2 protein chains.
Amino acid sequence: MWQIYQFPLCPFSRKVRLLLAEKGVPYELIRENPWEHREAFQMLNHAGRTPVLHNPEKQITLADSRAICEYFEETVDKAPMINGTATGRAEIRRLVAMFDENFFAAVTQPLLEERMKKRLVYRQSPDSRVLRDAMRLANDHLYYIDYLIDNRPWLAGSTMSLADLAAAAQISVADYLGGIDWSLHEQAASWYSVFKSRPSFRPLLTERMDVIQPPSHYADVNA
Amino acid sequence: MWQIYQFPLCPFSRKVRLLLAEKGVPYELIRENPWEHREAFQMLNHAGRTPVLHNPEKQITLADSRAICEYFEETVDKAPMINGTATGRAEIRRLVAMFDENFFAAVTQPLLEERMKKRLVYRQSPDSRVLRDAMRLANDHLYYIDYLIDNRPWLAGSTMSLADLAAAAQISVADYLGGIDWSLHEQAASWYSVFKSRPSFRPLLTERMDVIQPPSHYADVNA
């Protein structure tokens with residue numbers, strides 16, 4: 001069986017887990033805190049990042065969440081998530097990159113730093129200026145989702161794709177850490193609430209990251 | 001014809017240009033400084049990053065360098081660069097991500113900030129501590145390339161792949177900005193010197209970024 005080295009609030013591990021669940025690929029979780037720089041983990045992935053997928057029977061190790069997603073897209077026919085014409089696939093990958101890179105750098109990463117690592121690792125208080133900036137930039141991204149959902153049923157077009165999984169993965173971590181204000185974003189909220197009730201998403205919403213608690217609306221599918 | 005919005009020291013544009021040249025796809029360059037946040041450019045790419053590829057005849061706009069590379073890999077058969085088995089392709093993509101993300105964040109981005117943007121935009125002097133850190137981390141990456149080239153003719157295996165193009169693109173920008181010390185890296189230097197003499201690479205080496213000059217070895221194929 002595939003083993004996923006991850007921690008509960010890793011957005012890239014969440015994206016891979018959503019993909020595997022949609023495709024019906026079973027996996028087991030192995031807890032890995034990449035900030036501990038464990039030597040055995042560095043050997044699995046020179047980049048030192050989660051997720052890493054390891055299959056002991058097949059003797060395969062995969063690293064980098066986009067490389068992992070492309071691998072399962074190529075090897076498992078069920079539930080294609082990078083589908084359509086070459087330009088359609090480019091649009092899916094453009095949006096995946098936007099959430100993996102821009103949203104992560106502007107929103108998820110500072111929230112993880114301020115609200116998770118400062119609490120669990122450094123025993124410091126969060127910097128309220130950094131939190132405010134992250135929430136403002138989250139808001140900008142939600143406006144862009146509103147715009148996309150005004151024009152398309154799913155983020156990259158007429159069907160659910162890896163773009164939706166990547167966006168939902170980042171947003172779910174930001175939401176857990178109290179970084180999302182849904183009040184001004186009817187379209188984004190309705191798109192996300194559909195996601196929250198999918199069977200692939202439910203296991204993520206029930207997990208907790210050590211002593212850090214999410215806001216009450218986080219796992220509520222009707223919120 | 002394809003138009004590439006880019007600036008001469010954008011490592012992601014260089015990766016795409018190397019791929020297009022290897023595949024024999026003609027293009028023209030359009031100078032874009034993404035730090036100017038030009039509104040018309042933001043309309044082409046919401047993420048505001050170079051490169052963006054635009055084809056006026058086909059009315060196609062592509063953004064995100066990895067999405068762009070996958071698009072040309074899917075639509076142009078010549079010179080396959082993400083080739084082989086599913087695990088082989090995952091290895092290529094893992095290394096592309098390592099250079100696009102880890103090398104860029106640790107080396108190329110701080111060098112661009114200190115030696116390009118501070119000079120051209122902010123009119124400040126570079127921070128020598130940041131430069132030292134970037135050069136030390138470049139050194140760590142070159143050791144990893146030495147290790148790969150000890151075991152394989154090309155970074156991801158027996159043939160040239162997008163991993164080599166991604167690595168050479170980042171390294172060429174770092175080298176232009178004086179961030180690479182080749183003296184301890186015989187294997188990495190021999191791999192890179194093969195690249196420097198490829199026809200796809202020559203146009204990049206002759207370009208200059210405004211008033212910023214590269215070190216004398218930069219464009220020398222025998223250095």
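No lab work stands behind these numbers, since they all come straight from the coordinates. Everything numeric here is computed off the predicted structure, so don't read it as measured data. A quick note on method: Cβ atoms are made from the backbone with ideal geometry, for glycine too, and the neighbour counts reach across all protein chains shown.
A few comments on the model shown:
- Rg in Å to one decimal, and Dmax rounded to a whole Å, for the protein assembly as shown via C-alpha atoms: 21.5, 66
- Equivalent-ellipsoid semi-axes of region A:2-75, from the Cα gyration tensor, Å, largest first: 19, 13, 11
- Rg and Dmax, both from the Cα atoms of region B:152-194 and both in Å, are 10.6, 30.
- Of all DSSP bridge pairs formed entirely within the protein assembly as shown, close to 65 percent run antiparallel.
- Descending by average beta-carbon neighbour count within 10 Å, the peptides A:108-118, B:185-195, B:86-96, B:199-209 line up as B:86-96, A:108-118, B:185-195, B:199-209, the highest first.
- Over chain B, relative contact order from alpha-carbon pairs under 8 Å, at least 6 apart, %: 22
- Per-residue average of Cβ from other chains inside 10 Å of B:55-68: 4
- Flagged links, alpha-carbon separation over 31 Å, of A:15/A:58; A:58/B:23; B:117/B:196; A:15/B:117; A:23/B:196; A:15/A:118: A:58/B:23; A:15/B:117; A:23/B:196
- Extents of chain B, taken as max minus min of Cα coordinates on every principal axis and listed largest first, are 48, 48, 28 Å.
- For the axis carrying chain A to chain B: nearest C-beta residue of A, whole Å: A:66, 3
- Averaging Cα coordinates gives a centre for region B:142-185 and one for region A:180-218; these two points are 42 Å apart.
- Kirkwood Rh (inverse of mean 1/r, distinct Cα pairs), region A:86-206, angstrom: 14.9
- Comment: the Cα-to-Cβ extended label point of residue B:60, at 7 Å, lies 2.9 nm from its counterparts in the other copies, nearest first.
- For peptide A:91-99, the mean count of partner chain Cβ atoms within 10 Å of a residue's Cβ comes to 6.
- Across identical copies of the chain, residue B:124 has label-point separations of 1.9 nm, listed in ascending order, with the point defined 7 angstrom from Cα along Cα→Cβ.
- ³J(HN,Hα), Karplus 6.51/-1.76/1.60, whole Hz, each residue of region A:44-57, x for Gly, Pro: 6, 9, 4, 6, x, 10, 8, x, 10, 10, 10, 10, x, 5
- Under 5 Å between amide hydrogens, built in the peptide plane, is the criterion, and for residue B:30 it picks out B:4, B:5, B:6 among residues at least 5 positions away or on other chains.
- Label points for residue B:38 are taken 7 Å from Cα along Cα→Cβ. From this copy to the others they lie 4.9 nm apart, shortest first.
- Shielding by partners, peptide B:73-83 (average Cβ within 10 angstrom, other chains): 1
- Relative contact order of region B:1-117, pairs being alpha-carbon contacts under 8 Å that are 6 or more residues apart, as %: 25
- When its C-alpha radius of gyration is set against 2.2 N^0.38 Å (N residues), region B:59-129 gives a value of 1.54.
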